[in-house]
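Trainee: Got a structure here, written out as structure tokens. Questions coming.
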Amino acid sequence: MIAPGRRVCLAAAAGICLALALVACRGHKQPQATPEAAGDASATAPAPDAPTTTPAPSAITSRRAASTEAPLQASPTPSRSRGPITFSSGPNLLPSDLVARGSGEPGRGPFTAQRVAIPSLRIDAPISVAVVGSDGKMPSPPSINDVVWYDFSMWPALGGTPGVGGNVVLAGDALRPGIGSGVFTSLGGAQAGDYVKLSLTDGDLLCYRVEFKKIADTTQVDFAEVVGATPEESVTLITGAREGARLVAWGRRADCADEPAPRPTPLPRAPTPTPGALPGHYKLKIVAENYQFTVVDGGTVPKGIHTVDFTLELRDAGVKHSITFYDTAGRELIATEPIEGPTLAGGAFGVGPPQSPGRYTFRCSVHPAMTGFITVES
């Protein structure tokens, strides 16, 4: 749940807005509790005021008690040896994920990054700067082709600076209705181990390694914690998902020399239609249109089936989708690469032992509001 005294304001997928009405900590300035509504792409949060009597902090806030301004400190050289990288269980970001990530000092210093690249997702874009003022606004990127870095220097426990420390928060559009797909359209395809690279004005390169990609549902987590400073320098990538949620990818600073070889480009998944299903196979057809999934054939899988062969028809021209199927326990079964419509794509996933009968869900990782399910009979 959202901690008492905190408010989060989220606009449509086109914009990114956060109202940070933070619970006061010792030594922090305490925002007022009377936010005012703003435009479509932002909302206002209270301005900081002089310190007052400090209420008892929440369990999450108490981890952040610090001085009003975090001291400048250089980020240590990242270790070349880390433990295995795995996604946390389930598609949604949980408070436990943020607790495990930890909190630290938001390194402050000059911002010298000029471009961000994620080679595995074919992302390469310029970075602009947006200051998060005392009103708590996180402005939208200047265009669908730009990534924005948020300067949280007015908020002592939030954010960070590349090469200095803390949590480097970057945001970009996946889709702006009526305009088109944005620079982070393919962020839904991020995988653990993918590298995020920041090019600096002096020619240096900073690298970060993705550790999880999840949906941050603001009914489950306090979004101020998502952009909070971390003990080790890290990067948080944010894009619009659905009302009340954001797609978030996060990873710690890494040694650029440890970057793995590029992932092989998968072959197009558009199987040739066959007269009928093979023994033990079942055919499923899903249509993606107007940012909705519709199961047009095969929504109930009969008993005795071990494999579902699916066809995905993308009808929206110029719109990318990536579909991920989950079993009854929420484990990921298969995910397609982002594919632009209009086109057909396809693949297969298992529903026989050791899988269980019941409801199997699917979701578009590019537009996570697009969800659906099929039923496997027992």
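Trainee: If you check every pair at least six apart or on different chains, which have Cβ atoms under 6 Å apart with a residue in the range 204-229 that is within 24 Å of A117 (Cβ to Cβ) first and a residue that is part of a helix (DSSP H, G or I) and at pLDDT 90 or above second?
Mentor: Hits for this filter: L205/C256; C207/C256; A216/V226.
Trainee: Just checking, how many residues over the range 264-293 are surrounded by fewer than 14 Cβ atoms within 10 Å (Cβ to Cβ) and either modelled with pLDDT of 85 or more or not hydrophobic (A, V, I, L, M, F, W, C) (or both)?
Mentor: Count: 12.
Trainee: Filter the range 223-234 down to the residues that are closer than 14 Å to L93 by Cα and surrounded by fewer than 23 Cβ atoms within 10 Å (Cβ to Cβ) and list them by number.
Mentor: none
Trainee: Just the residues that are surrounded by fewer than 18 Cβ atoms within 10 Å (Cβ to Cβ) and not small (G, A, S), please, taken from the range 316-332.
Mentor: D316, T328, R331, E332
Trainee: Within the range 158-258, which strands (runs of 3 or more DSSP E) (wholly inside it) include 2 or more residues that are within 13 Å of the chain's Cα centre (by Cα)?
Mentor: 165-171, 205-217, 234-240, 245-254
Trainee: Give me the residue from the range 159-184 that is at pLDDT 85 or above and polar (S, T, N, Q) and, out of that set, farthest from L198 (Cα to Cα).
Mentor: So, considering only residues that are at pLDDT 85 or above and polar (S, T, N, Q), the one farthest from L198 (Cα to Cα) is N167.
Trainee: If M138 passes every condition in (1) assigned to a strand (DSSP E or B); (2) of a type in the set (A, V, I, L, M); (3) surrounded by 23 or more Cβ atoms within 10 Å (Cβ to Cβ) but one, which one does it miss?
Mentor: If we test M138 against (1) assigned to a strand (DSSP E or B); (2) of a type in the set (A, V, I, L, M); (3) surrounded by 23 or more Cβ atoms within 10 Å (Cβ to Cβ), just (1) comes out false.
Trainee: Please work out which residue is nearest to I215 (Cα to Cα), limiting yourself to the range 333-362 and to residues that are crowded, with 20+ Cβ neighbours inside 10 Å and among the aliphatic types (A, V, I, L, M).
Mentor: Per the stated criteria, the residue is I339.
Okay, residues lined up against (1) in contact with a helix residue (DSSP H, G or I) (Cβ under 7 Å, 6 or more places away or on another chain); (2) in contact (Cβ under 8 Å) with a residue 40 or more places away in the chain; (3) of a type outside the set (S, T, Y):
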{"site": "V319", "(1), (2), (3)": "no, yes, yes"}
{"site": "G330", "(1), (2), (3)": "no, yes, yes"}
{"site": "T343", "(1), (2), (3)": "no, yes, no"}
{"site": "P353", "(1), (2), (3)": "no, yes, yes"}
{"site": "S356", "(1), (2), (3)": "no, no, no"}
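Trainee: Give me the residue from the range 312-357 that is within 19 Å of the chain's Cα centre (by Cα) and small (G, A, S) and, out of that set, farthest from G188 (Cα to Cα).
Mentor: Applying the filter and picking the extreme gives G330.
The values are calculated or read from the model by the stated rules, or taken from the named source; none is laboratory data. Predicted model only: the values in this text are computed from it and were never measured. Here Cβ is always computed from backbone atoms with ideal geometry, including for glycine, and neighbour counts include all displayed protein chains.
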